[in-house]
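One structure below.
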Amino acid sequence: MCDRRMVRLMCATVPSGSAESATSPGAPPVPASELADEVLARLVLTYPKGADAERAGEMAAYMKGVAPFLGIMSTERRALSRGVLAGLPRPGEADCAAVALRCWRLPEREYHYFAVDYLRRYVRACSSAFLPVARHLVTTVSWWDTVDLLAGHVVGGLVAADPGLRRDMDRWIEDDDRWVARTALLHQLRFKDATDTERLFAYCLRQSGHPDFFIRKAVGWCLREYAKTDPDAVRAFVADHADRLAPLSVREALKNVGA
């Protein structure tokens, strides 16, 4: 077993900057979890072994300074993660929440990536009650690199398992936080034939006039992805609403299917 005193100290120490909000008063409580204790203890001992200061600076710059980085490339990070998780049992929902929330308290972005990968792997262990945790992750230290995976794999997985969460997505699409609205647009990316097209198209129209690049891009992206399932429906939607959709959204929507 790893030294849990070390992980408690590291998880409690969050430097000034954008990561501070990970421990904001509105954050969901971290459940007690012996499994999370072990995962985090291993993680904070293992990841620094792959750190590279020069790469860390380049990666932080590429991500517009949203968070500091250790400088671990994706392939190496995933290999390190396999070592961290070797021999550990499958988590339950409380374990998933504890791992994710504790990782989000650590400043370096690779720990957030670990949490996202962990949730993608074990989202089926989580019920609809996990949605507030997912929302916290979406709205904290937010950038596309974590938000998009949380949207398509975690929030989308929760909605697929409990269609009652569609009502929550109806509220998210109206949210003033661009990352929450982007998540609502993108949560059906992997639904294919199960896509709720009425909601998909309604969400795109609801945000069609949004001034933010990430929202306009998401409108086009979710349409482009659904076009792989029903290209005629997407062409018809774009043709009917070309006057409302941003040029960026139209280009993205029709990129693979034409006008």
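Assorted remarks:
- Residue with peak Gaussian network fluctuation, the chain [Cα springs, cutoff 10 Å], from S208, S74, S249: S74
- Over all orientations, the chain has a Cα convex hull whose mean projected area works out to 14.0 square nanometres.
- Contour excess over end-to-end distance, with Cα ends at A236 and T46 and 0.36 nm allotted per residue: 63.3 nm
- Averaged over residues, the count of other Cβ atoms within 10 Å places the peptides 176-186, 155-165, 60-70 in the sequence 176-186, 155-165, 60-70, highest first.
- Counting only the Cα atoms, segment 63-138 fills a convex hull of 91 Å³ per residue.
- D175 versus S127: modelled label distance in nm, points set 7 Å from Cα along the beta carbon direction: 2.2
- Estimated at 0.36 nm per residue, the fully extended path between D243 and N256 surpasses their Cα-Cα distance by 2.6 nm.
- Across every pair of non-identical alpha carbons in segment 87-215, the mean reciprocal distance, once inverted, gives a Kirkwood radius of 14.9 Å.
- S208-R166 FRET efficiency (beta carbon distance; Förster radius 22 Å; 0.05 resolution): 0.65
- Inter-label distance, nm, simple model (7 Å from Cα along the C-beta direction), E34/E93: 2.2
- Relative contact order (%) - the chain, alpha-carbon pairs under 8 angstrom, separation at least six: 14
- Helix 231-240 and the longest principal axis of the C-alpha atoms of the chain enclose an angle of approximately 70°.
- Share of carbon and sulfur in the accessible heavy-atom surface of the chain [1.4 Å probe, %]: 52
- Subtracting the Cα-Cα distance of K228 and R190 from their residue separation scaled by 0.36 nm leaves 12.6 nm.
The values are calculated or read from the model by the stated rules, or taken from the named source; none is laboratory data. In this text the structure is predicted, and so the values were computed from the model without any measurement. Cβ: placed from backbone, ideal geometry, glycine included. Neighbour counts: every protein chain shown. Ligands, DNA and RNA are excluded from the accessible area calculation, which covers all protein heavy atoms including side chains. Shrake-Rupley method; radii C 1.70, N 1.55, O 1.52, S 1.80 Å.
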